[in-house]
Amino acid sequence: MDFKLTEEQELIKENMRDFTRKYVDPIAVEIDENSRYPEEVIKKLAEGDWMGMPYPQEYGGAGVDYVTYAIVVEELSRSCAATGFTLSCHTSLASGPIYNYGSEEQKMKYLVPLAKGQKIGAFGVTEPGAGTDVGAATTTAVLDGDAYVLNGTKTFTSNGPVADTFVIFAFTDKSLGGKGMSAFIVSKDNPGLKVGQHFYKMGIRASQTSEIILKDCRVPKEDLLGKEGQGLKIAMDSFDHGRIGIAAQAVGIAQAAMDESISYAKQRIQFGKPISKNQAIQWMIADMATDISAARFLTYHAAYLKDQGKPFSKEAAMAKVFAAEMSNRHASKAVQIHGGYGFCKGFKVERLMRDAKITEIYEGTSEAQRMVIAGNVLR
Ligand SMILES: Cc1cc2nc3c(=O)[nH]c(=O)nc-3n(C[C@H](O)[C@H](O)[C@H](O)COP(=O)(O)OP(=O)(O)OC[C@H]3O[C@@H](n4cnc5c(N)ncnc54)[C@H](O)[C@@H]3O)c2cc1C
C-alpha cells in the first residue's frame with residue numbers, strides 16, 4: 001500500500017495549481033456574480049489537454065489515470081468549484097459513457113472532439129418528475145425507420161446551454177421498467193433539441209444549467225449508445241465515475257475553506273492577539289485538516305480501484321457522501337471563523353459555503369449515496 005502520489009501526479013497537481021492562479025482565481029468572483037460561463041478558461045483547459053484527461057490519446061485524451069483526474073478536479077475546484085464541475089460533468093458524465101459504451105465510430109466522431117475540448121458535453125437523465133427515481137422518467141424514444149424519435153423534457157442539465165453533444169436517456173420500452181431505458185447521443189444542431197429554461201442558482205453559479213426539450217427529435221439509429229435497454233446501466237455506471245469527480249470537487253472546496261480560515265485567523269486581531277491563538281479556532285481548523293485528509297483518501301481510494309479495474313461503486317458513493325457532508329460542515333465553520341465578514345460578499349468563504357451545498361445533491365443526493373452503500377454492505 002503506497003500513500004504517496006507519484007512524481008507525475010505531483011507535477012500535474014502543481015501544473016493545475018499554476019493554471020488556476022493564472023487563469024481561474026482572477027475571474028472566479030466575477031463569473032460567480034454574473035453566473036457567467038468561463039468560456040476563455042475552458043478554451044485554455046482544452047489547449048492544455050485537461051478536458052479529456054482519463055481517455056487514451058488515440059481518442060483525444062491525455063491518457064492519465066483516474067487518481068490524477070481526481071487531483072486535477074480538486075485543484076480546479078479549490079479555486080472555482082463551478083469551473084471544476086464544468087470540467088468534471090463534461091469529462092465523466094458526458095464523455096465517459098461514450099468511451100465506455102460507444103462504438104468505434106461513435107468514439108471517433110463524438111469522443112475525440114469532446115476529449116480535445118473542441119466540443120462540450122452534457123448528460124441528461126433527470127426530468128421534472130424523475131430525480132432520485134431515474135426510472136420514473138417519461139421521455140420516450142420510438143423507432144421510426146432509420147431513426148429514434150425522442151420526446152420529453154430533461155431538467156437541471158449541466159452544461160446544457162453551452163453543450164454541443166448530449167447523452168440523453170429515454171424509454172424505448174416503458175413496459176420493461178429499468179430494462180426499457182436506452183441512451184442516445186444527440187447533437188445540439190438537431191432541430192428537435194432545444195435549450196429550455198436556464199436555472200440561476202445558489203452556488204456554482206458559473207456552471208450553466210438548463211432544461212433540454214426534445215420534441216420529435218430524430219436521432220439516427222447509429223447514435224444509440226450501447227444496446228437498446230442498456231440505458232439505466234449506462235446512467236448508473238456514469239454516476240459511479242462522476243461521483244469520484246464530485247467527491248474531489250468537495251475536497252477542493254473544503255481545502256479552500258481551510259486555506260482561507262488559516263490565513264484569516266492568523267491576521268484577525270481580537271482581544272489584542274490573532275484569533276488563531278484561541279483553542280476554539282484551533283480545534284475548528286484541526287477538524288478541517290483531519291476531515292479533509294479522510295475525504296481525500298476515500299476519493300483517491302475509489303479512483304485507485306477504478307484504475308485497477310476493480311468494482312468501485314460503493315467506494316465512490318462513500319467518498320461522495322463523506323466529502324460532500326464534510327465540505328458543507330467546514331465551509332460553514334470557515335464562515336464562522338471569519339465572523340461577520342465571512343457572511344459578506346468579498347470574502348471567498350461566502351462563495352465556498354454556497355458552492356459546497358450542491359455536492360450533497362447532484363449525481364445522487366446524500367440519501368441516494370447511502371442507498372448505494374447500504375445496498376452493497378447489506379447484500
Ligand atoms: C445544479 C444542478 C446540476 C445538475 N446537473 C445534472 C445533470 O447534468 N444531468 C442530470 O441528469 N441531472 C442533473 N441534476 C439533477 C440532480 O442529479 C438531481 O437534482 C438529484 O438527483 C435529486 O433529484 P431531485 O432534485 O428531483 O430531488 P428528489 O429526487 O425529488 O429528492 C428530494 C429529496 O428526497 C430525498 N429522497 C428521494 N427519494 C428518496 C428515497 N427513496 N429515500 C430517501 N430519501 C429520498 C432526496 O434525497 C432529497 O433529499 C442537477 C441538479 C442540480 C441542482
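Here ILE244 passes the criteria (1) over 30 Å from MET284 (Cα atoms); (2) within 16 Å of the ligand (Cβ to nearest atom) except the one numbered (1). Evaluated against (1) crowded, with 17+ Cβ neighbours inside 10 Å; (2) within 26 Å of SER35 (Cα to Cα); (3) within 16 Å of the ligand (Cβ to nearest atom), THR365 falls short on exactly one condition, (1).
Listed by first and then second residue, the pairs with beta-carbon distance under 6 Å, at least 6 apart or on different chains, first residue in segment 195-213 and more than 20 Å from CYS80 (Cα to Cα), second of a type in the set (A, V, I, L, M, F, W, C) and within 10 Å of the ligand (Cβ to nearest atom), form an empty list.
The sole residue among ILE185, ILE234, ILE213, ILE168 that is more than 16 Å from the chain's Cα centre (by Cα), among the hydrophobic types (A, V, I, L, M, F, W, C) and surrounded by fewer than 19 Cβ atoms within 10 Å (Cβ to Cβ) is ILE213. The residues listed here are GLY117, GLY160, GLY145, GLY192; of these, the one that is within 30 Å of ARG370 (Cβ to Cβ) and not β-branched (Val, Ile, Thr) is GLY160.
So, in segment 336-354, exactly how many residues are over 15 Å from SER276 (Cβ atoms) and touching a Ser or Thr at 6+ places or on another chain (Cβ under 8 Å)? Qualifying residue count for the region: 2.
All conditions but one from (1) surrounded by 22 or more Cβ atoms within 10 Å (Cβ to Cβ); (2) away from the ligand (no atom under 16 Å from the Cβ); (3) without any contact (Cβ under 8 Å) to a residue 60 or more places away in the chain apply to ALA70; the one that does not is (3). Taken together, ALA323, ALA317 contain a single residue that is on the phi < 0 side of the Ramachandran plot, surrounded by 20 or more Cβ atoms within 10 Å (Cβ to Cβ) and either more than 16 Å from the ligand (Cβ to nearest atom) or assigned to a loop (DSSP other than H, G, I, E, B) (or both), which is ALA323.
Looking across LEU378, LEU305, one residue alone is closer than 19 Å to TYR69 by Cβ and either surrounded by fewer than 24 Cβ atoms within 10 Å (Cβ to Cβ) or within 16 Å of the ligand (Cβ to nearest atom) (or both). It is LEU305. Within segment 218-229, is even one residue assigned to a strand (DSSP E or B), within 11 Å of the ligand (Cβ to nearest atom) and not polar (S, T, N, Q)? Within segment 218-229, not a single residue is assigned to a strand (DSSP E or B), within 11 Å of the ligand (Cβ to nearest atom) and not polar (S, T, N, Q).
Please verify whether MET284 is surrounded by fewer than 23 Cβ atoms within 10 Å (Cβ to Cβ), under 17 Å from the mean Cα position of the chain (by Cα) and either among the polar types (S, T, N, Q) or modelled with pLDDT of 95 or more (or both), treating the condition exactly as stated. The answer is no for MET284. What about LYS266, is it more than 16 Å from the ligand (Cβ to nearest atom) and part of a helix (DSSP H, G or I)? Taking the combined requirement at face value, the residue satisfies it. Just checking, does segment 156-173 include any residue being at positive phi, assigned to a strand (DSSP E or B) and out of contact with any helix residue (DSSP H, G or I) (no Cβ under 6 Å at 6 or more places or on another chain)? Scanning segment 156-173 turns up at least one residue that is at positive phi, assigned to a strand (DSSP E or B) and out of contact with any helix residue (DSSP H, G or I) (no Cβ under 6 Å at 6 or more places or on another chain). Scanning segment 113-126 for residues that are within 16 Å of the ligand (Cβ to nearest atom) and within 16 Å of SER238 (Cβ to Cβ) yields LEU114, GLY121, ALA122, PHE123, GLY124, VAL125, THR126. The set of residues in segment 354-379 that are assigned to a helix (DSSP H, G or I) and without any contact (Cβ under 8 Å) to a residue 24 or more places away in the chain comprises MET371, ALA374, GLY375.
Taken over segment 183-217, the residue count meeting the criterion of being in contact with a Gly (Cβ under 7 Å, 6 or more places away or on another chain), within 21 Å of GLN106 (Cα to Cα) and away from the ligand (no atom under 15 Å from the Cβ) is 1. Does THR132 meet the test of being within 16 Å of the ligand (Cβ to nearest atom) and either under 17 Å from the mean Cα position of the chain (by Cα) or of a type in the set (A, V, I, L, M, F, W, C) (or both)? So THR132 fits the description; yes.
The values are calculated or read from the model by the stated rules, or taken from the named source; none is laboratory data. What you are looking at is a predicted structure, and each value in this text was computed from that prediction instead of being measured. A quick note on method: Cβ atoms are made from the backbone with ideal geometry, for glycine too, and the neighbour counts reach across all protein chains shown.
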